[in-house]
1. For helix 74-86, what angle does its Cα long axis make with the longest principal axis of the chain, in degrees from 0 to 90 and rounded to 10?
2. Rounded to the nearest 20 Debye, what is the dipole magnitude of segment 1-40 about its Cα centre when Lys and Arg each give +1 and Asp and Glu each give -1 at the C-beta?
3. Going from most exposed to least, what order do 7, 65, 97, 21 have by accessible area with a 1.4 Å probe?
4. Length gain on complete extension for the stretch residue 82 to residue 18, per 0.36 nm per residue less the alpha carbon to alpha carbon distance?
5. Dipole magnitude of the chain about its Cα centre, charges +1 at Lys/Arg Cβ and -1 at Asp/Glu Cβ only, in debye to the nearest 20?
6. Considering only 48, 7, 24, whose Cα is most displaced toward the positive end of the charge dipole of the chain, charges sitting on Cβ of Lys, Arg (+1) and Asp, Glu (-1)?
7. Take the alpha-carbon positions of the chain, form their convex hull, and give its projected area averaged over all directions (one quarter of the hull surface) in nm².
8. Find the accessible area per residue for segment 1-108; the probe is 1.4 Å, ligands and nucleic acids are left out, and the unit is Å².
Amino acid sequence: RLEAAGYIRRYRAMLDLERLYAHVTVFAEVTMKNHAPEDFTRFEAAIASHPEIVEAHTVGGGFDYVLRVVCADIRRYHQLSDELLAAGLGVDKIASYVVIATAKEFTGYPLAELGG
């Protein structure tokens, strides 16, 4: 019933990426030069074509997007960030944070706490 009602969107497997591939995970803060809707649309279309950008969130505050990026190595991440800066997408700057270790992994939403 939950599937039919649209509450369950999809099922996923939690892979142990450490065991599968050498990789680097980077969180990136992206600041846009302008805040015109077409700049955001163009940027979002561009990042959709990069499978290494596994999550992207528009945020309020001192920057515009937070990206979670998983690349084969730091050199590939550097290349990807340079591509985003040079592609004429209106990106002003990218601040990068390389993940050293994961202290808490996503395991699901806190439904009991959200439901009151």
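1. In the chain, helix 74-86 runs at an angle near 60 degrees to the longest axis.
2. Numbers: 6 positive and 6 negative charges, 58 e Å.
So the magnitude is around 280 debye.
3. In descending accessible area the options line up as 7, 21, 97, 65.
4. Values: separation 64, 0.36 × 64 = 23.04 nm, distance 2.58 nm.
Using 0.36 nm per residue and subtracting the Cα-Cα distance, I get 20.5 nm.
5. Charge dipole, the chain, about its Cα centre: 280 debye, nearest 20.
6. Ranked along the dipole, the leading option is 7.
7. Over every viewing direction, the Cα hull of the chain projects on average to 10.1 nm².
8. 74 Å²
The values are calculated or read from the model by the stated rules, or taken from the named source; none is laboratory data. From a predicted model like this one, the values you see are computed outputs, not experimental measurements. Backbone-built Cβ (ideal geometry, glycine too); neighbour counts: all protein chains shown. Each accessible area value is taken on the protein alone, full model and side chains, heavy atoms only, with ligands, DNA and RNA left out. Shrake-Rupley method; radii C 1.70, N 1.55, O 1.52, S 1.80 Å.
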